[in-house]
1. Any residue in the range 3-10 that is within 15 Å of Met62 (Cα to Cα), touching an Asp or Glu at 6+ places or on another chain (Cβ under 6 Å) and surrounded by 12 or more Cβ atoms within 10 Å (Cβ to Cβ)?
2. Which number in (1) at pLDDT 95 or above; (2) surrounded by fewer than 11 Cβ atoms within 10 Å (Cβ to Cβ) marks the one condition that Met31 misses?
3. I need every pair where a residue in the range 34-53 that is surrounded by 13 or more Cβ atoms within 10 Å (Cβ to Cβ) has its Cβ under 8 Å from the Cβ of a residue that is part of a helix (DSSP H, G or I) and of a type in the set (D, E, K, R), sequence separation at least 6 or different chains.
4. If you scan the range 18-45, which residues turn out to be hydrophobic (A, V, I, L, M, F, W, C) and more than 15 Å from Val3 (Cβ to Cβ)?
5. Are there any pairs with C-beta distances below 6 angstrom linking a residue in the range 1-20 that is without any contact (Cβ under 8 Å) to a residue 40 or more places away in the chain to a residue that is assigned to a helix (DSSP H, G or I) and of a type in the set (Asp, Glu), with the two at least 6 apart or on different chains, and if so which?
Amino acid sequence: MNVVEQLTEVSFANVPDDTKLCEMGIDSLKMMQVGAYIEETTGRTMYKKDIVDLTAGKVREMLSS
């Protein structure tokens, strides 16, 4: 999660799991960087729709496994 917080320049601490990244003020370029990081880290393909629908909880879940 530290890498995601560095990429987005936003703290995920105390953010409810159902909060979308766009609702956290993260712009589309940074969201794509998060998607690319998730792909690299997990091996899971992240499509544009997946990235747009990312929530704080989903990011935590994907990076914890």
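1. No; the residues of the range 3-10 include none that is within 15 Å of Met62 (Cα to Cα), touching an Asp or Glu at 6+ places or on another chain (Cβ under 6 Å) and surrounded by 12 or more Cβ atoms within 10 Å (Cβ to Cβ).
2. Here Met31 meets the rest and fails (2).
3. Note: pairs meeting the criteria are Gly35/Asp50; Met46/Glu39.
4. Cys22, Met24, Leu29
5. Matching pairs, first to second residue: Ser11/Glu5.
The values are calculated or read from the model by the stated rules, or taken from the named source; none is laboratory data. Just so we're clear, the structure is a prediction, and the values are computed from it rather than from any experiment. Positions of Cβ are generated from backbone atoms using ideal geometry, with glycine treated the same way; all protein chains shown enter the neighbour counts.
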